[in-house]
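Here the structure is laid out as structure tokens; the discussion comes afterwards.
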Amino acid sequence: MNNPLILRPIRTKDAGSYYEIFGDPEICRYDDFSPITEDESVEDIVRILDGYARLDENTELAIELAEEGKMIGVFAVLCGLKYKYIGYHFNRRYWGRGFASLVVNMYLDTLKPKDRALIRARVDSQNAASIRVLEKCGFRRVSSRRLENATREWVYHWQPGPRK
Ligand SMILES: CC(C)(COP(=O)(O)OP(=O)(O)OC[C@H]1O[C@@H](n2cnc3c(N)ncnc32)[C@H](O)[C@@H]1OP(=O)(O)O)[C@@H](O)C(=O)NCCC(=O)NCCS
């Protein structure tokens, strides 16, 4: 079966789709930022394009649904001192179709084994859908900490082995 998703750089014309995602309070429910405005989505895209120009390793990529030619999600990579942390947000209209698990596996497949072994994700302990995505993709919980706002953050680390 053809892969329905394309992982590609974000473009200026994605601003509307970016706002549909990060302007939605339900999608940002577990994030440490408030939903953005339309103006902020344009500013964010300028910041992302600037990061591409500087070859910044901290980056956000568009997840495009090929059949619609539309950015339906954003995949992020944040570099820590030792580990790289991934994050993903999907337009609510596209939840429940296996796309998050697919895109995490697509990203893992682009990495060499030694780099794959350094991939982690931080997730709110209440975010059952994201935890399920990580577990399906071969991540295991390695630590837990309580944040200032009293929520609990779990850290997942990718482990070699079968992925669903
Ligand atoms: C988390 C998110 C990316 C999942 O995207 P998705 O494309 O729907 O994910 P998938 O379809 O690949 O997998 C979701 C899995 O979680 C399960 N799931 C969904 N809601 C659930 C819930 N409330 N409780 C338990 N499992 C749940 C689904 O059944 C599915 O598992 P399955 O394949 O075994 O049936 C999406 O909900 C989202 O964008 N959320 C807001 C942003 C966010 O929280 N990002 C993660 C930050 S760490």
Filtering segment 50-78 down to residues that are surrounded by fewer than 20 Cβ atoms within 10 Å (Cβ to Cβ), of a type outside the set (A, V, I, L, M) and out of contact with any Cys (no Cβ under 8 Å at 6 or more places or on another chain) yields 50, 51, 52, 54, 56, 59, 67, 68, 69, 70
When residue 46 is run through (1) touching a helix residue (DSSP H, G or I) at 6+ places or on another chain (Cβ under 9 Å); (2) more than 19 Å from residue 128 (Cβ to Cβ); (3) in contact (Cβ under 8 Å) with a residue 24 or more places away in the chain, the failure sits at (3)
Across segment 79-97, the tally of residues that are without any contact (Cβ under 8 Å) to a residue 60 or more places away in the chain and crowded, with 16+ Cβ neighbours inside 10 Å stands at 5
Residues of segment 152-164 being in a loop (DSSP other than H, G, I, E, B) and in contact (Cβ under 8 Å) with a residue 60 or more places away in the chain, in sequence order, are 164
Only unsatisfied item for residue 114, checking (1) free of Cβ contacts under 8 Å to residues at least 12 places away in the same chain; (2) more than 15 Å from the chain's Cα centre (by Cα); (3) within 13 Å of the ligand (Cβ to nearest atom), is (3)
Check: Is one or more of the residues making up segment 121-136 within 13 Å of the chain's Cα centre (by Cα), among the charged types (D, E, K, R) and within 11 Å of the ligand (Cβ to nearest atom)?
Finding: yes
Within segment 127-149, of all residues that are assigned to a loop (DSSP other than H, G, I, E, B) and at pLDDT 95 or above, the one farthest from residue 104 (Cα to Cα) is 127
Cβ pairs under 6 Å, 6+ apart or interchain, first in segment 98-110 and crowded, with 18+ Cβ neighbours inside 10 Å, second at pLDDT 95 or above and part of a loop (DSSP other than H, G, I, E, B), ordered by first then second residue, are 101/137; 104/137
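The values are calculated or read from the model by the stated rules, or taken from the named source; none is laboratory data. None of the values given here were measured: they were computed from a predicted structure. Every residue, glycine as well, gets a Cβ built from its backbone with ideal geometry; the counts of neighbours run over all protein chains shown.
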